[in-house]
Structure formats: structure tokens, C-alpha cells
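Engineer: What follows is a structure written as C-alpha cells; I'll ask about it next.
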Amino acid sequence: MKITVYGAGYVGLTTAAVLSTHHDVTVIEIDERKVELINAGETPIAEPDLAPLLRDGISRGRLKAVGSDYKNSPQDAILICVNTPSSYDGSVDLKAVDSVMQSIETNFDGYVDDYVIIGMRSTVPPGTTRTYVIDRLQKQFDSTRFGVVFQPEFLRQGHAIYDLRYPDRVIIGASDQWVYNLYKDAILPCIKRENPPVIHMSIESAEMCKYASNSFLATKISFANEMASLAEKIPHVNIDDVMDGVVADHRICDSHLRPGLGFGGSCLPKDVSGLYHLGRQRELPMNLLESVQKVNRSTTDRLLSLVGIPLSELKGKKISILGMAFKADTDDIRDSPSIPLIQRLASYGGDIHVHDPVVNFKIVPNEIAQLFSVCDSIEDCTRDSYLAFLMTDWKEYRSIGLVKITENMREKYLVDGRRVFVNTEIPKNITYRAIGSSTISGIV
Ligand SMILES: NC(=O)c1ccc[n+]([C@@H]2O[C@H](COP(=O)([O-])OP(=O)(O)OC[C@H]3O[C@@H](n4cnc5c(N)ncnc54)[C@H](O)[C@@H]3O)[C@@H](O)[C@H]2O)c1
């Protein structure tokens, strides 16, 4: 098949690379820098296993990236994988989807010989695919020339290629049976998991399924963090033992139930917010999701409550932040818990130094970047500092160990937001606080 993918981000580029194992794929991307990198065989995002797949597709002539003014030849499928961020009020911003639709409408006759599948892969509120794609195209073109599907994407950043090849389930919302069958037959050969469960539903149900899944995962995270907050106040409670006991119940799955820094990244915060707004627009109170967000927003306060001195005393003092990515194995800093922490510490006049082994600091927005200095090594970051926060569970921090991390600090005080060192024997000269633990140093 000939397939065009709009958007070379975490979803679009990984999807394109996987599809290029069986199809001819053109990726349309508005960011010229990404287009150049991709065609040079380099990946603009940090995602394990993506680079070799990309290079293989390009060298076999089955994958290429082009700019947004590219006029494509007839295609069998067009997939929309552009960003759908939160608007200022928390609702979903559909500007990128709208601009892709304008491009498809303008180029429709060039794109479509006989019949084309239009596949929405961006996360969009229920009803969007019908309004933005089906209704708009039906007004202008013969509806026998296209069919529409919505396939929610469930990949995890840092595991995207694996998740695309071994999905737990494939959900397809389709405008009719014909397009459902065509689309399913096109994507299944690219999936390595044998007989993955394929669930067929209405387009609107599939759209909502994505929001419901992410909101449930976020709910689990906020639940675990509320338990951890309580454990911080009760001596002799070990939150890891508590959660081990909870997840030993076969009705409760282990994932997303470990205390940490809340949910971040480009998906969970915006999807919870999007679903919340959808309910509020329909005059539903959405009490549960409101609480889930409230718990998440309290993460910075929780971290700062573990700092043993009044925060006003941080003025002018060097503070180290280890990790800027919202989680390990990705370079993504969208909704990273490090950002509100940096903002708060800066408001107290702290001299903030940040290290991350993978993040490209050039992409940090100016208003945040001006609040801190970037350090190339862990040692540069912690030398002579009074306080350090471990914010991302990078193996680099885990393997160097607590003693080495704090070795050159002026005051050896580490707040561990990922509970990396909770089971380490803590030397007496180090003050160690972990999120979820009531003890000030040593093993809980
Ligand atoms: N990142 C994830 O883990 C993940 C997982 C599942 C679903 N999703 C959803 O998938 C969608 C894409 O997410 P992402 O993380 O890949 O976003 P992203 O920001 O990484 O990538 C989007 C890309 O689309 C490009 N783009 C924007 N408008 C364009 C246009 N008109 N034409 C061509 N390219 C355009 C952007 O420049 C960017 O490179 C979102 O709706 C998101 O919610 C993301």
C-alpha cells in the first residue's frame, strides 16, 4: 500500500517506521529540521529501536519525509498523527488536526485515485473524527471515494516500537465494515504479536476508549501517590510493602501503582484534562478526575515538604536537579515534574543547576531555560550544591549510586522523587529523603 502519515512525532514517526516494513510510506512534517534529519537516517526523537528501522526503510526506498507543501501522488491510506495539546483552559486544541484536514481537502483529487482510507491516530475527543473528517469530506467529495477509521494509539514513550509490534489490543472504530476490513488487513502484517485481539467499535467509542484508558492509568497513579503522601506522615509504614500487598490481589494489576512524581509527559495530563472538560461542557461534575488532577498538581508541594529547611533559606544557594525528562528512556520534557519544581525553586531565589543524560536542552522554552544552568555531567551539577533532587529514574543515576552523587555536595541532602535509593544503606553524613517515606535517612 501507499501510505501518507501526517506528523513525525513520537506516534507518527514510529508508526511510519513500522509500517514501512510492509508499505511505501511518506511522512509529511511541518518542521523542516525533522524532515532533514529523517532523510539523513537520523531520528529527531530519542526512542529505542527506532533508528535502525528508520534507516532500513529509507535505504530500501520505502520511507521518506517531506515538507508540508509536498503534493503527493494517489495514496491508499492517509494517517493523521499530529499533536493535540491542551488549550489554555484544559480543553483539546485541534488546530493541527484542522490544518491537516485543510491540506487533505486541498489535495484530495491528487491523493485519491479510486478510494482512500483516512485514519485518525491523534487522540481526539469523541465526535471529532466525525465532525472534522467525515462531515467535512462528505460535503465536498463523493463519499464512495473514502472511508474513515479511528485507531487509538496506546504506545508508551521509550517502548514505542515494541508496543506497536506487540500491542495488548488493536482498537478500530470504523465508518463502515469495508474500510474496517481494508484497514485491519493493512496494519496486521506489521504487527509481530500473533493474533492480537482486534476490537471493532464505533468511531466515537474508540475515541473515548483512549481517554478512558489514560484517565484510568492517571487515577491509579494519583491513588498510589495519595497513599504515599499518607505514608510520609506515619512512622514505620513502608509504602513499597503496602503496594506489594495491594497488587498481590489478582483483581488489581501491578502497573502505575508505585509512588513517584505523578503523571507527566504529553499524554496523561492532557487526556485527563480533555476528558474532564468534555464532561464539564455537558454539565457533569467529573469529581473523580478533578481529584486525580488535584493530587497530581500537589507533587511539587510534596517534594518541597521533604526539604528540611525553610525554603526562603535557599536564596542564592546552588541546588541540583538530576533529570529533566518526564520519565527515563525518553527525551520528552512535556509536563515534566522537573519544570514546576524549577519554577518554584527559582521563585525562592535558588541557583538551579540541571543535568539530564538525554534531553536536548535547546528545546526547553526560553521562560524556563532562563531559570537554570545546564550541566554536562552529574559531578558538575552536584559540586558545591546544598540540595539535590533526583527527578528522573535514569540508569546513570542508579548506577553511580548515592554516595558518588552526593560526594562533592556542600550539604549532602538528597530528595529522591523516584525512590531509587530507598533500599540502600544510607551513610550517616548524608541526609536522604524519599517521596513516600517518613524517615529522614536510612532504610524505612
Ligand atoms: N506521545 C505519546 O506517547 C502518545 C501515545 C498515544 C497517543 N498519542 C497521541 O498522538 C498524537 C501525536 O502525539 P505525539 O506525541 O506524536 O506528538 P508530537 O508533538 O511528538 O508530534 C506531532 C508532530 O506533528 C507535526 N505537525 C503538526 N501539525 C502538522 C501538520 N499540519 N502537518 C504535518 N505535520 C504536523 C509536528 O511538527 C510534530 O512533529 C497526539 O494526539 C497524542 O495525544 C501520543
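The values are calculated or read from the model by the stated rules, or taken from the named source; none is laboratory data. From a predicted model like this one, the values you see are computed outputs, not experimental measurements. Here Cβ is always computed from backbone atoms with ideal geometry, including for glycine, and neighbour counts include all displayed protein chains. Heads up: the accessible areas ignore ligands, DNA and RNA and are worked out on the full protein's heavy atoms, side chains in. Shrake-Rupley method; radii C 1.70, N 1.55, O 1.52, S 1.80 Å.
Engineer: Being hydrophobic (A, V, I, L, M, F, W, C) and either open to solvent by 20 Å² or more (accessible area, probe 1.4 Å) or modelled with pLDDT under 95 (or both) is the filter here; which residues of region 325-363 pass it?
Structural biologist: Within region 325-363, PHE326, ALA328, ILE339, ALA346, VAL358, PHE361, ILE363 meet the criteria.
Engineer: Counting residues that are small (Gly, Ala, Ser), modelled with pLDDT of 95 or more and surrounded by fewer than 22 Cβ atoms within 10 Å (Cβ to Cβ), which helices (runs of 4 or more DSSP H) fully inside region 1-102 reach at least 1?
Structural biologist: Hits in region 1-102: 50-59.
Engineer: Filter region 67-103 down to the residues that are without any contact (Cβ under 8 Å) to a residue 60 or more places away in the chain, more than 9 Å from the ligand (Cβ to nearest atom) and more than 25 Å from the chain's Cα centre (by Cα) and list them by number.
Structural biologist: Selection gives ASP69, TYR70, LYS71.
Engineer: Can you give me the number of residues within region 44-66 that are under 15 Å from VAL5 (Cβ atoms), away from the ligand (no atom under 12 Å from the Cβ) and of a type outside the set (A, V, I, L, M)?
Structural biologist: Qualifying residue count, region 44-66: 3.
Engineer: Hey, among ILE333, ILE339, which residue is out of contact with any Gly (no Cβ under 8 Å at 6 or more places or on another chain) and either under 17 Å from PRO310 (Cα atoms) or within 16 Å of the ligand (Cβ to nearest atom) (or both)?
Structural biologist: ILE333
Engineer: Does at least one position in region 114-121 carry a residue that is under 20 Å from the mean Cα position of the chain (by Cα) and exposed (fewer than 14 other Cβ atoms within 10 Å of the Cβ)?
Structural biologist: No, region 114-121 contains no residue that is under 20 Å from the mean Cα position of the chain (by Cα) and exposed (fewer than 14 other Cβ atoms within 10 Å of the Cβ).
Engineer: Turning to a different aspect of this structure: Could you check region 248-261 and list, in sequence order, the residues that are open to solvent by 20 Å² or more (accessible area, probe 1.4 Å) and closer than 30 Å to PRO285 by Cβ?
Structural biologist: Scanning region 248-261 gives ASP249, ARG251, ILE252, CYS253, SER255, HIS256, ARG258.
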